[in-house]
Structures are given as C-alpha cells and as structure tokens.
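Each reported figure results from applying straightforward, stated rules to the coordinates on display, with no laboratory input. Treat the numbers as computed from the prediction; the structure is a model and nothing was measured.
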Amino acid sequence: MATQRVYRLVARADGHTILDRLLVADGYWSRFVGLQFRRNLPADGGLLIVPCPAIHTCFVRFALDLFWLDRNGCVVDVRRGVAPWRTASGPSGTYAVVETACGAVALAAGESLVVEPIEGVAALPKSLAFMRR
C-alpha cells in the first residue's frame, strides 16, 4: 500500500496554520478506509476526504469533529462530537469533509481554507485544486 500524503491546512484569510498534519483521502481505497481502526488522531492532525458528501464512523474508535467544505474550500457546516458507529451528511453543496479529533480545531462555518504542501511533499494533486490559494 502506498504511503499517505501529508499536507498542512491553513486559513485563507490570514495564513495561520490550522492543522500541521492533514492526511488526504482522495482515492477509492483511502476514502473507504478513512480513520477506521486507528487508536487516535493527534490534535495537530486531521483527514480530508474528497469528494465526500457523507461519512460513517463505523470502526472508528473515537469521536470526531467534522468540517464540511464546498467546492471553494469554504466551511459550510460543522458537526462536533460525532460518536463511533454513527453516520453524518453534509448540507447541500458539500464537496469534502475534514475530520479531526474532538475539540482539536476551532473552525466555524464561513471560514475559507487552503491546503499547502509541507517539506518533502510534491505539489498538490489535482483532487485538491479547489483548496489552492
């Protein structure tokens, strides 16, 4: 299995880093597996699933905060404390979701986000074109 790419999640408005370690699930297998079977997710980490209008937390061992994004990288909805063995759907117009550990990130609807490569990571893949500066 290929190594998962890691990026940084940044606020578009002021450039401050929101997550230092953003994993990206943009292929069939990586989206299918998601965060299943992991013991935890670090406070500075998260998973961006794209495209993704809905998720499940089956086999996820911890509660998640969900940040639903539109095709412009703008947060359109927030769901906090989604427990294991639940499902959640974003509102109409949802294109992707960022999953984080509960309470790790203080984001609100209306905030615009971008993804940046970190050292040693090539340019953003085509699937993240909507999250470029």
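Tabulated data for the structure shown
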quantity	calculated
Full-stretch length increase - I118, D14 - with 0.36 nm per residue and alpha-carbon distance subtracted	35.6 nm
For the chain, calculated [θ]222 nm from helices alone, where every DSSP H run of n ≥ 4 adds -39500 (n - 2.57)	-1000 deg cm²/dmol
Listed residues V24, V33, V114, most fluctuating in the chain (Gaussian network, C-alpha, under 10 Å)	V33
Of every Cα-Cα pair in region 6-131, the percent that sits beyond 22 Å	25 percent
Highest-fluctuation residue, A106, A123, A96 considered, GNM on the chain with Cα pairs under 10 Å	A106
Taking the C-alpha atoms of region 21-64, convex hull volume expressed per residue in Å³	73 Å³
